[in-house]
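Inspection log for the structure reproduced underneath, given as structure tokens.
The values are calculated or read from the model by the stated rules, or taken from the named source; none is laboratory data. What you see is a predicted model, and the numbers here were worked out from it, not measured in a lab. Reconstructed Cβ throughout: ideal geometry from the backbone, glycine too, with neighbour counts over all protein chains shown.
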Amino acid sequence: MMRRPSGSAFRILVLLTVAVVLSASYVGLVDLTVAHQPVATVVGWTDTNFSGKWTLAATGGATGYISVANGTLTVGSSGRVAPGGTLSAQNFNIPSLNLYQYPVLMVTVRSLSVYLAVRIELWTTATTAWPLVLSTFDDQSWHTIYVDLPFLGLTGKLQPHLLELGWMGIQQPVGPNEYVQFENLSLVRLVGS
């Protein structure tokens with residue numbers, strides 16, 4: 001004859017079952033409603049051709065290059081980059097930004113390795129940098145990143161000192177010929193749902 005679980009064991013079993021079902025339902029709901037819907041935007045400022053003056057900056061003994069071709073900015077290494085070393089393209093000629101109207105920085109990125117992290121910083125003065133993105137990707141596909149600038153504390157009308165698009169070596173030294181690519185740099189407002 002099978003024994004029935006005691007009252008407290010039965011309650012624990014029911015709670016665990018409910019937790020698993022609710023978790024699976026939430027993941028399914030998010031997957032259906034968020035992940036597969038395109039994001040509509042209104043563009044306020046854009047530099048999709050990277051036609052501005054971009055210059056190379058490096059830290060931690062890193063050496064590298066930047067190039068622009070067909071609307072793609074490439075920031076690459078020409079030597080080894082130690083963990084914490086950075087390579088970036090800097091632009092000191094970013095126009096005044098109206099974050100009231102266009103509060104989201106949008107850029108599409110592609111990275112070659114999980115051992116480097118895409119890095120984006122906005123400098124509001126010569127000594128004040130706002131780290132916007134530091135992220136790795138586990139594939140070599142293009143990914144569109146949206147950064148909600150007011151959420152990070154940047155609001156109003158802003159005249160940036162400079163914008164940096166680049167990467168940082170992480171976990172182990174990164175060899176030469178690694179790179180990150182950027183496309184479709186814009187300041188936008190998200191619309192619709």
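Structural remarks
- Any hit, the range 175-183, residues being within 24 Å of Gly64 (Cβ to Cβ) and aliphatic (A, V, I, L, M): yes
- Just one of (1) among the acidic types (Asp, Glu); (2) surrounded by fewer than 19 Cβ atoms within 10 Å (Cβ to Cβ); (3) under 17 Å from Ile66 (Cα atoms) fails for Asp148. It is (3).
- Failed condition for Phe151, given (1) without any contact (Cβ under 8 Å) to a residue 12 or more places away in the chain; (2) assigned to a strand (DSSP E or B); (3) not polar (S, T, N, Q): (2)
- When we screen Val109, Val114 for residues that are assigned by TED's automatic domain parsing to the domain that holds Asp47, over 19 Å from Gly44 (Cβ atoms) and surrounded by fewer than 16 Cβ atoms within 10 Å (Cβ to Cβ), the only hit is Val114.
A quick yes/no check of all residues on (1) polar (S, T, N, Q); (2) in contact with an Asp or Glu (Cβ under 8 Å, 6 or more places away or on another chain); (3) more than 28 Å from Asn177 (Cβ to Cβ):
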{"site": "Leu99", "(1), (2), (3)": "no, no, yes"}
{"site": "Val107", "(1), (2), (3)": "no, yes, no"}
{"site": "Ser113", "(1), (2), (3)": "yes, yes, no"}
{"site": "Ala117", "(1), (2), (3)": "no, no, no"}
{"site": "Trp130", "(1), (2), (3)": "no, yes, yes"}
{"site": "Ser135", "(1), (2), (3)": "yes, no, no"}
{"site": "Ser141", "(1), (2), (3)": "yes, no, no"}
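- So Gly85, is it among the small types (Gly, Ala, Ser), surrounded by 13 or more Cβ atoms within 10 Å (Cβ to Cβ), farther than 29 Å from Gln172 by Cβ and assigned by TED's automatic domain parsing to the domain that holds Met168: no
- Segments classed as strands (runs of 3 or more DSSP E), wholly inside the range 56-106, with at least 2 members that are in contact with a strand residue (DSSP E or B) (Cβ under 9 Å, 6 or more places away or on another chain) and touching a residue at least 40 places away in the same chain (Cβ under 8 Å): 72-77, 86-91
- Across the range 154-184, the number of residues qualifying as in a strand (DSSP E or B) and not small (Gly, Ala, Ser) comes to 15.
- Residue within the range 125-132 that is surrounded by 18 or more Cβ atoms within 10 Å (Cβ to Cβ), in the same structural domain as Asn49 (by TED's automatic domain parsing), under 14 Å from the mean Cα position of the chain (by Cα) and at pLDDT below 95 present: no
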